[in-house]
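Report on the following structure.
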Amino acid sequence: MIKIDNLVKVFGPKRAVDGISFTVERGEVLGFLGPNGAGKSTTMRMITGFMPPTSGKITVGTHDVLESPIEAKRLIGYLPENAASYPDMTVASFLDFVAELRNLHGGARKKAVNRVIDLCFLQSVLHQSIDTLSKGYKHRTCLAQALIHDPDVLIMDEPTDGLDPNQKHEVRNLIRELGANKAIIFSTHILEEVDAACSRAIIIDRGRIVANGTPEELRGMSELAGAVTLQARGATKERLETLGRVEQLNGAFRIYPRDKSQGPQLAQDVVQLVNQYGWTVEGMYSERGELDEVFRRITLPDTVKK
Amino acid sequence: MKTIWTITKRELYAYFTSPVAYVFLVIFLLLTGFFTFTAGNFFERGEASLAAFFGWHPWLYLVLVPAVGMRVWAEERRSGTIELLLTLPVAPWQAIVAKFLASWIFLAVALLLTFPAVITVNILGEPDNGMIFAGYLGSLFLAGAYLAITCMTSAMTRNQVVAFILSVVICLFFILAGFNPVTDLMTRWASPAVVDTVAAFSVVTHFDGFQRGVIDIRDLVFFLSLIGFALFATGVIIRGHRAG
């Protein structure tokens, strides 16, 4: 549904987006990760046709965003950063306005507006003007606007920014549900969201893609991935070191595999060792890897250098 | 066309739901009343015409039209709604025209509310109502020209005050180019051809015809092309921001 080819955006001396290419198919939810200023918002603004790219090609559905912007925009629902909407309008009139611009009229418009009101829980603030709403409601109003025409492509810039934990949970669930038959891109810098809602994630840093894969794959890039943490009475570092590098934690040992591709082999080896020496196991975990750690490792060195 | 009307409706709604609009209308009517009847010596003139009324419009609009138009794009940029508007299936030119039309309609409403002046002259004497109609038409185009310039300056900045000041300065230039004291000054050192050329750029020169009851196609072309050019420039400026 979305195809991006070698996208570049230059602001003065700065290359904000520097040769990004990726595709998103229907049924995929792509998480867009990266430190602040990495080029996430700029990329999204180019996909939605708000900013023309310096070079590169963006195709949404079958339309080139530069050549037929109106047709491409019809397919897209967009939640901009900060969820701006007209403060002087009521929620109902704002949604009506957007629906009308989305070419929905009469009964179809009423239906569409009611659908998003239910979807985003806006019933109670319908006739309130937007500037009197709390941040969470403002955000959901803007989200409702993006969903009003049931778009095939949904692009959201930090959809959970400024929401309380319950609202965050709702929005993530909504994204996951909608992802079943849409192509979705959303940006975030909250890593747990990637697990909660994404089928794939891209990490970008300083305008370049530095990692691209399923959350599972990204986690696999972690040093921690495949390690076994063992908490057992009687265990000693020397004995465990026969299996791999051992790190002593607070009352526990973490054994890193010599070779990441060995999979669950390490855990089995540890159990064998436990049985062999008759240690009393108090806890044992197979580590899946931490996204945090992967994120920091791939993005931090660059930001520090800068 | 439908898209334009949808946006125009929203903008009008924004005007009429804010108290500022009503304050503006009252100030506009008070000032036109003051200038016409007090400063314009309406009664002392002893003629049944609205010359005293229309004569002040270029100066009155100099402050009031930028006040109406300054928010058009500046506010949209400041609050970030421009991103929302231009990612909806709307072409930038449609948004520009729609917003201009909404403000112009608002100014037209303000102008229409001066109808008691027309009634007054009709009661007091027998004015040439055709001339009055031409005056109103000219006044509307004059307001449109100032407004288009304000739309342009409004697109240049996020700050409404900056937009206001810039448009007052530019509109002032368009008045002064044909203002008698200025043209008199210029004839001392410039050839008549130069003076005429400069004066031809003035809104005052082109508004004069309307006041005399003459709807000249050249004056219409002048105002329409000024509006067209300023709105085109608005488009270029808005495109410029997004291109970075």
Given the conditions (1) in contact with a Leu (Cβ under 9 Å, 6 or more places away or on another chain); (2) free of Cβ contacts under 8 Å to residues at least 24 places away in the same chain, every one holds for B:A199 apart from (1)
Single residue of the range A:173-201 satisfying the filter (surrounded by fewer than 20 Cβ atoms within 10 Å (Cβ to Cβ) and of a type in the set (S, T, N, Q)) that is nearest to A:M44 (Cα to Cα): A:S199
Among (1) in contact with a Leu (Cβ under 8 Å, 6 or more places away or on another chain); (2) farther than 22 Å from B:T8 by Cα; (3) of a type in the set (V, I, T), where does A:T54 come up short? (1)
Does A:F97 meet the test of being touching a Lys or Arg at 6+ places or on another chain (Cβ under 7 Å) and surrounded by 15 or more Cβ atoms within 10 Å (Cβ to Cβ)? yes
Residue, farthest from the other protein chains (Cβ to nearest Cβ), within the range B:88-97, restricted to residues that are surrounded by fewer than 23 Cβ atoms within 10 Å (Cβ to Cβ) and part of a helix (DSSP H, G or I): B:V97
If you scan the range A:268-299, which residues turn out to be over 30 Å from A:P35 (Cα atoms), among the charged types (D, E, K, R) and surrounded by 14 or more Cβ atoms within 10 Å (Cβ to Cβ)? A:D269
Restricting attention to the range A:113-141, which residues are small (G, A, S), in a helix (DSSP H, G or I) and within 14 Å of another protein chain (Cβ to nearest Cβ)? none
Considering each of B:T187, B:T197, B:T150 in turn, give the residue that is in contact with a Pro (Cβ under 7 Å, 6 or more places away or on another chain) and not small (G, A, S). B:T150
Inside the range A:58-104, can you point out the residues that are over 24 Å from B:R78 (Cβ atoms), facing chain B (nearest Cβ under 9 Å) and either assigned to a loop (DSSP other than H, G, I, E, B) or over 29 Å from the mean Cα position of the chain (by Cα) (or both)? A:E100, A:R102, A:N103
Single condition A:T280 does not satisfy, out of (1) modelled with pLDDT of 75 or more; (2) within 19 Å of A:R219 (Cβ to Cβ); (3) hydroxyl-bearing (S, T, Y): (2)
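The values are calculated or read from the model by the stated rules, or taken from the named source; none is laboratory data. Everything numeric in this text was worked out from a predicted model, so none of it was measured. Glycine gets a Cβ as well: all are built from the backbone with ideal geometry, and neighbour counts include every protein chain shown.
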